[in-house]
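Below: the structure, in structure tokens.
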Amino acid sequence: MHPANIQKADAEKGYTLIELIVVIALIGILLSFTIPRFHGSLLSDNSNKTVRRIVLQVQHLRQNAVRSRKMHTLHISPDSRKMWVTNEGMSEEDAEAAADGGEEFPEDVDITDVEYPDNEKISYGEARIRFSPKGYSDKVMIHLENTDGERKSLLIEPFLPNIEIFDDYVEFEN
């Protein structure tokens, strides 16, 4: 091969400076849109993480109650800012250990209260949500609020597998 043809072939293999600048600019534009959304929704929003944790815990308890054929209970303590799980097969020592080792809520998320259909609201002490071996649960509304004042309500229905999530403080109607 002739030396002039070798230089020409080598020159065609690379990218021009303008092509590289355009690609870098496009990547920068894409990142400018995605990073704030990623940071805002995944890294700083503990209320959404808390909602997901509660939803997953409820789904898990429904399945475990049916599978083990034992009553399971989700305990939520708004004032101590934690939740834990017990079942009817646990000893008193195991139930106390579960309460002591309960899962704590983030500091910037408060459980305002847990509301039952008869308008009983528990904002101090312990609320109990039972899950039957037959697949149903207590009907209850869990209210959360973060330090920014954003509120969420989670409706657990007795016979429905999914939890309904509201982006406000929603109460049971009389």
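The values are calculated or read from the model by the stated rules, or taken from the named source; none is laboratory data. Treat the numbers as computed from the prediction; the structure is a model and nothing was measured. So basically every Cβ, Gly included, is an ideal-geometry build from the backbone, and we count neighbours across all protein chains shown.
Details
- Evaluation of residue 21 against (1) more than 30 Å from residue 131 (Cα to Cα); (2) at pLDDT below 90 (one fails), failing number: (2)
- 3 or more residues acidic (Asp, Glu) and surrounded by 15 or more Cβ atoms within 10 Å (Cβ to Cβ): qualifying strands (runs of 3 or more DSSP E) within segment 101-174: 109-115
- Residue check: residue 38 meets all listed conditions (1) at pLDDT 90 or above; (2) surrounded by 11 or more Cβ atoms within 10 Å (Cβ to Cβ) but one, namely (1).
- Among (1) under 23 Å from the mean Cα position of the chain (by Cα); (2) more than 19 Å from residue 159 (Cα to Cα) - the single one residue 63 does not satisfy: (2)
- Within segment 70-98, the only residue that satisfies the criterion of being under 18 Å from residue 159 (Cβ atoms) and in contact (Cβ under 8 Å) with a residue 60 or more places away in the chain is 71.
- Residues in segment 61-111 that are among the β-branched types (Val, Ile, Thr), touching a His at 6+ places or on another chain (Cβ under 7 Å) and either over 12 Å from residue 127 (Cα atoms) or at pLDDT below 90 (or both): 1 in all.
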